[in-house]
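Heads up: the structure comes next, in C-alpha coordinates.
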Amino acid sequence: MPLSPSQTREILAQIDHLPRKHLGQNFLVDANIVRKSVELASVAATDRVVEIGPGLGTLTRALLSTGAQVWAIEHDPRLAAYLRTDVMPDAGGRLHLMEGDALDAPRAGLATNEAAAGFKVVANLPYAISTPWMDSMLADPLPQHMVLMLQREAADRYAAAPGSKQFGAISIFLQSAFDIAPGHKVPAACFHPRPDIESYLLNLVRKPVPYLFSPETKRLIRACFQQRRKQVSSLLRGKLPDDGQSWISTLTLEGLDGRARPEAIPTKAWQRLSVT
Ligand SMILES: C[S@@+](CC[C@H](N)C(=O)[O-])C[C@H]1O[C@@H](n2cnc3c(N)ncnc32)[C@H](O)[C@@H]1O
(Lines give C-alpha, C1' and ligand atoms only; values in the text may rest on other atoms or scores of the structure.)
Protein backbone atom coordinates (compact mmCIF):
# COMPACT_ATOMS: atom_id res chain seq x y z
CA MET A 1 0.00 0.00 0.00
CA PRO A 2 1.33 3.49 -0.82
CA LEU A 3 2.13 5.75 2.09
CA SER A 4 -0.83 7.69 3.50
CA PRO A 5 -0.48 11.43 4.26
CA SER A 6 0.05 10.68 7.99
CA GLN A 7 2.63 7.91 7.30
CA THR A 8 4.44 10.32 4.95
CA ARG A 9 4.50 13.02 7.63
CA GLU A 10 5.75 10.43 10.19
CA ILE A 11 8.62 9.25 7.97
CA LEU A 12 9.61 12.82 7.15
CA ALA A 13 9.69 13.58 10.90
CA GLN A 14 11.70 10.39 11.62
CA ILE A 15 14.35 11.30 9.09
CA ASP A 16 14.15 14.96 10.14
CA HIS A 17 13.37 16.15 6.64
CA LEU A 18 11.38 19.18 5.52
CA PRO A 19 10.14 18.85 1.90
CA ARG A 20 12.31 21.03 -0.34
CA LYS A 21 10.31 23.11 -2.79
CA HIS A 22 13.15 23.71 -5.25
CA LEU A 23 13.49 19.91 -5.65
CA GLY A 24 9.73 19.59 -6.31
CA GLN A 25 9.26 17.40 -3.21
CA ASN A 26 5.51 16.80 -3.34
CA PHE A 27 5.12 13.15 -2.37
CA LEU A 28 2.31 11.00 -3.76
CA VAL A 29 -0.15 9.97 -1.04
CA ASP A 30 -3.00 8.69 -3.20
CA ALA A 31 -3.17 4.90 -3.62
CA ASN A 32 -5.38 5.19 -6.68
CA ILE A 33 -2.94 7.42 -8.60
CA VAL A 34 0.03 5.21 -7.67
CA ARG A 35 -1.89 2.15 -8.95
CA LYS A 36 -2.99 3.99 -12.13
CA SER A 37 0.61 5.02 -12.90
CA VAL A 38 1.76 1.39 -12.79
CA GLU A 39 -1.31 0.14 -14.68
CA LEU A 40 -1.13 2.72 -17.49
CA ALA A 41 2.45 1.63 -18.20
CA SER A 42 1.37 -2.06 -18.02
CA VAL A 43 4.43 -2.79 -15.88
CA ALA A 44 5.20 -6.53 -15.71
CA ALA A 45 7.84 -8.76 -14.10
CA THR A 46 9.91 -8.84 -17.31
CA ASP A 47 10.18 -5.02 -17.52
CA ARG A 48 13.07 -2.67 -16.88
CA VAL A 49 11.66 0.55 -15.43
CA VAL A 50 13.37 3.89 -14.90
CA GLU A 51 12.10 6.14 -12.12
CA ILE A 52 13.24 9.76 -11.66
CA GLY A 53 13.07 11.11 -8.11
CA PRO A 54 11.88 8.11 -6.04
CA GLY A 55 11.56 10.32 -2.91
CA LEU A 56 10.22 8.14 -0.10
CA GLY A 57 9.73 5.22 -2.45
CA THR A 58 5.93 5.12 -2.73
CA LEU A 59 5.89 4.62 -6.49
CA THR A 60 9.12 2.61 -6.33
CA ARG A 61 7.54 0.01 -4.04
CA ALA A 62 4.53 -0.28 -6.34
CA LEU A 63 6.82 -0.78 -9.35
CA LEU A 64 8.88 -3.38 -7.47
CA SER A 65 5.72 -5.26 -6.42
CA THR A 66 5.16 -6.18 -10.10
CA GLY A 67 8.48 -8.07 -10.12
CA ALA A 68 10.09 -5.53 -12.49
CA GLN A 69 13.69 -4.31 -12.25
CA VAL A 70 13.80 -0.64 -11.28
CA TRP A 71 16.56 1.92 -11.97
CA ALA A 72 15.98 5.03 -9.86
CA ILE A 73 17.90 8.27 -9.35
CA GLU A 74 17.38 10.57 -6.36
CA HIS A 75 19.10 13.94 -5.95
CA ASP A 76 18.41 14.50 -2.26
CA PRO A 77 21.05 12.70 -0.13
CA ARG A 78 18.74 12.30 2.86
CA LEU A 79 16.00 10.67 0.75
CA ALA A 80 18.58 8.50 -1.02
CA ALA A 81 19.84 7.32 2.40
CA TYR A 82 16.27 6.50 3.47
CA LEU A 83 15.69 4.52 0.24
CA ARG A 84 18.94 2.58 0.80
CA THR A 85 18.00 1.57 4.33
CA ASP A 86 14.21 1.19 4.09
CA VAL A 87 13.29 0.27 0.52
CA MET A 88 16.33 -1.49 -0.94
CA PRO A 89 16.48 -4.38 1.56
CA ASP A 90 12.95 -5.51 0.50
CA ALA A 91 13.68 -5.24 -3.21
CA GLY A 92 15.43 -8.58 -3.71
CA GLY A 93 18.26 -6.95 -5.68
CA ARG A 94 15.85 -5.48 -8.22
CA LEU A 95 16.28 -1.83 -7.17
CA HIS A 96 19.29 -0.13 -8.78
CA LEU A 97 19.52 3.17 -6.92
CA MET A 98 21.72 6.08 -7.90
CA GLU A 99 22.23 9.24 -5.91
CA GLY A 100 22.62 12.24 -8.23
CA ASP A 101 21.05 14.57 -10.76
CA ALA A 102 18.74 13.04 -13.37
CA LEU A 103 19.96 15.65 -15.85
CA ASP A 104 23.40 13.96 -15.67
CA ALA A 105 21.94 10.43 -15.80
CA PRO A 106 18.51 10.69 -17.51
CA ARG A 107 18.13 6.87 -17.57
CA ALA A 108 19.11 6.57 -13.89
CA GLY A 109 22.17 4.48 -14.72
CA LEU A 110 20.41 1.92 -16.93
CA ALA A 111 23.15 0.94 -19.41
CA THR A 112 22.60 1.79 -23.08
CA ASN A 113 22.76 -1.86 -24.19
CA GLU A 114 20.12 -2.84 -21.61
CA ALA A 115 17.97 0.17 -22.53
CA ALA A 116 18.19 -0.88 -26.16
CA ALA A 117 16.57 -4.20 -25.21
CA GLY A 118 13.51 -2.21 -24.06
CA PHE A 119 12.55 -0.12 -21.04
CA LYS A 120 9.75 2.00 -19.61
CA VAL A 121 9.71 5.18 -17.53
CA VAL A 122 7.26 5.72 -14.68
CA ALA A 123 7.90 8.84 -12.60
CA ASN A 124 6.45 11.66 -10.59
CA LEU A 125 8.86 14.15 -12.11
CA PRO A 126 10.47 17.02 -10.22
CA TYR A 127 8.82 19.90 -12.07
CA ALA A 128 11.94 22.06 -12.40
CA ILE A 129 13.72 19.53 -14.62
CA SER A 130 10.82 18.05 -16.59
CA THR A 131 11.53 19.75 -19.96
CA PRO A 132 15.36 19.39 -20.09
CA TRP A 133 15.02 15.80 -18.82
CA MET A 134 12.37 15.06 -21.46
CA ASP A 135 14.56 16.56 -24.14
CA SER A 136 17.42 14.23 -23.20
CA MET A 137 15.09 11.20 -23.25
CA LEU A 138 14.17 11.94 -26.87
CA ALA A 139 17.21 10.09 -28.16
CA ASP A 140 18.06 6.51 -29.02
CA PRO A 141 17.30 4.14 -27.34
CA LEU A 142 13.82 5.51 -26.71
CA PRO A 143 11.64 4.07 -23.94
CA GLN A 144 8.71 1.95 -25.11
CA HIS A 145 6.31 3.70 -22.77
CA MET A 146 6.44 6.66 -20.35
CA VAL A 147 3.87 7.47 -17.68
CA LEU A 148 4.81 10.80 -16.17
CA MET A 149 3.31 12.96 -13.46
CA LEU A 150 3.76 16.52 -14.63
CA GLN A 151 2.70 20.03 -13.88
CA ARG A 152 -0.54 20.49 -15.85
CA GLU A 153 0.99 23.39 -17.78
CA ALA A 154 3.95 21.24 -18.93
CA ALA A 155 1.66 18.37 -19.95
CA ASP A 156 -0.44 20.83 -21.97
CA ARG A 157 2.67 22.09 -23.76
CA TYR A 158 3.90 18.57 -24.56
CA ALA A 159 0.49 17.52 -25.92
CA ALA A 160 -0.35 20.84 -27.65
CA ALA A 161 -1.70 20.87 -31.21
CA PRO A 162 -0.48 23.27 -33.92
CA GLY A 163 -2.29 26.58 -33.90
CA SER A 164 -2.40 26.76 -30.10
CA LYS A 165 -0.33 29.10 -27.94
CA GLN A 166 1.19 26.12 -26.09
CA PHE A 167 2.48 24.47 -29.29
CA GLY A 168 6.26 24.73 -29.32
CA ALA A 169 9.53 22.96 -30.04
CA ILE A 170 9.08 20.37 -27.26
CA SER A 171 5.56 19.48 -28.57
CA ILE A 172 7.10 18.79 -32.00
CA PHE A 173 10.04 16.72 -30.69
CA LEU A 174 7.87 14.68 -28.31
CA GLN A 175 4.94 14.06 -30.65
CA SER A 176 7.34 12.93 -33.39
CA ALA A 177 8.47 10.04 -31.21
CA PHE A 178 5.46 9.27 -28.99
CA ASP A 179 1.68 8.98 -29.29
CA ILE A 180 -0.28 10.53 -26.47
CA ALA A 181 -2.66 8.02 -24.91
CA PRO A 182 -5.42 8.99 -22.45
CA GLY A 183 -4.02 10.16 -19.11
CA HIS A 184 -5.49 11.61 -15.90
CA LYS A 185 -5.96 14.94 -14.20
CA VAL A 186 -4.47 14.76 -10.71
CA PRO A 187 -5.72 17.11 -7.98
CA ALA A 188 -3.36 18.75 -5.48
CA ALA A 189 -4.88 16.63 -2.66
CA CYS A 190 -3.04 13.56 -4.03
CA PHE A 191 0.29 14.98 -2.77
CA HIS A 192 1.96 15.90 0.49
CA PRO A 193 2.61 18.77 0.78
CA ARG A 194 -0.10 19.95 -1.61
CA PRO A 195 1.36 21.81 -4.59
CA ASP A 196 -0.32 25.09 -5.55
CA ILE A 197 -0.75 23.88 -9.14
CA GLU A 198 -2.73 21.13 -10.85
CA SER A 199 -0.92 18.02 -12.09
CA TYR A 200 -1.50 15.60 -14.95
CA LEU A 201 -0.50 11.98 -15.50
CA LEU A 202 0.74 11.95 -19.10
CA ASN A 203 0.69 8.61 -20.90
CA LEU A 204 3.16 8.34 -23.79
CA VAL A 205 3.48 5.31 -26.07
CA ARG A 206 6.43 5.10 -28.46
CA LYS A 207 5.34 5.39 -32.10
CA PRO A 208 5.79 2.30 -34.29
CA VAL A 209 8.23 4.40 -36.36
CA PRO A 210 9.48 7.20 -34.11
CA TYR A 211 11.12 10.25 -35.66
CA LEU A 212 14.10 11.89 -33.94
CA PHE A 213 15.43 15.33 -34.91
CA SER A 214 19.16 16.00 -35.22
CA PRO A 215 20.62 18.37 -32.59
CA GLU A 216 21.20 21.02 -35.29
CA THR A 217 17.60 20.84 -36.51
CA LYS A 218 16.37 21.03 -32.91
CA ARG A 219 18.40 24.19 -32.35
CA LEU A 220 16.92 25.79 -35.46
CA ILE A 221 13.33 24.87 -34.52
CA ARG A 222 13.85 26.18 -30.98
CA ALA A 223 15.23 29.44 -32.39
CA CYS A 224 12.14 29.78 -34.63
CA PHE A 225 9.81 29.40 -31.63
CA GLN A 226 11.74 32.00 -29.65
CA GLN A 227 10.33 34.52 -32.15
CA ARG A 228 7.00 32.80 -32.68
CA ARG A 229 5.20 35.93 -33.96
CA LYS A 230 7.54 36.19 -36.99
CA GLN A 231 6.93 34.54 -40.37
CA VAL A 232 9.09 31.48 -41.19
CA SER A 233 10.54 33.04 -44.33
CA SER A 234 12.11 35.81 -42.27
CA LEU A 235 13.05 33.43 -39.43
CA LEU A 236 15.03 31.17 -41.79
CA ARG A 237 16.76 33.95 -43.75
CA GLY A 238 20.52 33.43 -43.40
CA LYS A 239 20.00 30.25 -41.31
CA LEU A 240 20.04 27.72 -44.20
CA PRO A 241 22.04 27.74 -47.47
CA ASP A 242 18.90 28.53 -49.53
CA ASP A 243 17.30 30.63 -46.75
CA GLY A 244 14.98 27.65 -46.22
CA GLN A 245 13.24 28.19 -49.59
CA SER A 246 13.15 24.48 -50.61
CA TRP A 247 11.54 23.56 -47.27
CA ILE A 248 9.16 26.53 -47.38
CA SER A 249 7.98 25.42 -50.84
CA THR A 250 6.87 22.08 -49.30
CA LEU A 251 4.56 23.90 -46.89
CA THR A 252 2.00 24.09 -49.71
CA LEU A 253 1.30 20.43 -48.79
CA GLU A 254 -0.27 21.86 -45.63
CA GLY A 255 -1.87 24.79 -47.45
CA LEU A 256 0.75 27.15 -45.98
CA ASP A 257 3.55 29.34 -47.32
CA GLY A 258 6.49 31.42 -46.10
CA ARG A 259 4.15 33.80 -44.29
CA ALA A 260 3.22 31.05 -41.81
CA ARG A 261 4.20 31.54 -38.18
CA PRO A 262 6.01 28.61 -36.47
CA GLU A 263 3.01 27.70 -34.30
CA ALA A 264 0.81 27.17 -37.39
CA ILE A 265 3.15 24.59 -38.93
CA PRO A 266 2.26 20.97 -38.10
CA THR A 267 4.71 18.40 -36.71
CA LYS A 268 4.85 16.41 -39.99
CA ALA A 269 6.05 19.50 -41.85
CA TRP A 270 8.79 20.22 -39.30
CA GLN A 271 10.03 16.64 -39.82
CA ARG A 272 10.86 17.57 -43.44
CA LEU A 273 13.21 20.31 -42.22
CA SER A 274 16.76 19.12 -41.94
CA VAL A 275 19.90 21.01 -41.07
CA THR A 276 23.02 19.22 -42.25
C1 LIG B 1 7.57 15.08 -7.07
S2 LIG B 1 8.73 14.30 -5.99
C3 LIG B 1 8.31 12.61 -6.26
C4 LIG B 1 8.67 11.71 -5.10
C5 LIG B 1 8.12 10.28 -5.19
N6 LIG B 1 8.48 9.65 -6.45
C7 LIG B 1 6.62 10.27 -5.04
O8 LIG B 1 5.95 10.13 -6.06
O9 LIG B 1 6.15 10.43 -3.93
C10 LIG B 1 10.22 14.53 -6.92
C11 LIG B 1 11.45 13.82 -6.41
O12 LIG B 1 12.53 14.09 -7.31
C13 LIG B 1 13.70 14.40 -6.56
N14 LIG B 1 14.52 15.27 -7.44
C15 LIG B 1 14.44 16.61 -7.61
N16 LIG B 1 15.32 17.02 -8.54
C17 LIG B 1 15.98 15.92 -8.98
C18 LIG B 1 17.00 15.70 -9.94
N19 LIG B 1 17.52 16.71 -10.64
N20 LIG B 1 17.44 14.43 -10.13
C21 LIG B 1 16.91 13.39 -9.42
N22 LIG B 1 15.94 13.54 -8.50
C23 LIG B 1 15.47 14.78 -8.28
C24 LIG B 1 13.19 15.07 -5.32
O25 LIG B 1 14.14 15.06 -4.28
C26 LIG B 1 11.93 14.25 -5.04
O27 LIG B 1 12.25 13.11 -4.30
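The values are calculated or read from the model by the stated rules, or taken from the named source; none is laboratory data. Small disclaimer: the values here were computed from a predicted structure and weren't measured. Every residue, glycine as well, gets a Cβ built from its backbone with ideal geometry; the counts of neighbours run over all protein chains shown. In case anyone asks, the SASA skips ligands and DNA or RNA and just uses the protein heavy atoms, side chains included. Shrake-Rupley method; radii C 1.70, N 1.55, O 1.52, S 1.80 Å.
The calculated FRET efficiency for R219 paired with S42, based on their beta-carbon distance and R0 = 30 Å, is about 0.25. Would segment 215-270 count as rounded, prolate or oblate if I go by the C-alpha gyration tensor, calling it rounded below 1.5 in a/c and otherwise prolate when a/b exceeds b/c, oblate otherwise? Note, shape of segment 215-270 comes out rounded.
Extension gain for Q7-D196 works out to 65.9 nm (0.36 nm per residue, less the C-alpha to C-alpha distance).
The helix-only estimate of mean residue ellipticity at 222 nm for the chain, built from DSSP H runs of length n ≥ 4 each weighted as -39500 (n - 2.57), is -8500 deg cm²/dmol after division by the residue total. Protein heavy-atom accessible surface, 1.4 Å probe, per residue over the chain: 46 Å².
Each Lys and Arg Cβ is given +1 and each Asp and Glu Cβ -1; about its Cα centre, segment 215-270 then shows a dipole of about 320 debye. Straight-line reach from K185: taking Cα to Cα under 25 Å and skipping same-chain neighbours fewer than 8 places apart, the lysines in range are K21, K36, K120, K165, K207. Place a point 7 Å from the Cα of A161 along the Cα-to-Cβ direction; which residues of segment 235-267 have their backbone N under 14 Å from it? In segment 235-267, the label zone of A161 (backbone N under 14 Å from the point 7 Å along Cα→Cβ) covers 264-267. Couplings 3J(HN,Hα) of segment 203-213, computed from phi: 10, 10, 10, 4, 5, x, 10, x, 10, 10, 7 Hz, in residue order, whole Hz [Karplus 6.51 cos²θ - 1.76 cosθ + 1.60, θ = phi - 60°; x for Gly and Pro].
3J(HN,Hα) along segment 90-104, derived from phi through the Karplus expression 6.51 cos²θ - 1.76 cosθ + 1.60 where θ = phi - 60°, amounts to 8, 8, x, x, 9, 9, 9, 9, 10, 9, x, 9, 5, 6, 8 Hz, with x in place of Gly and Pro.
Of interest is the spacing of the C-alpha centroids, which for segment 127-197 and segment 43-98 amounts to 22 Å. Placing dummy labels 7 Å off each Cα toward the beta-carbon, the span from D101 to S234 is 3.8 nm.
Each 10 Å bin from zero holds the following percent of Cα-Cα pairs in segment 5-206: 9, 38, 39, 13, 2, 0. Taking the DSSP beta bridges with both ends in the chain, the antiparallel portion is around 50 percent.
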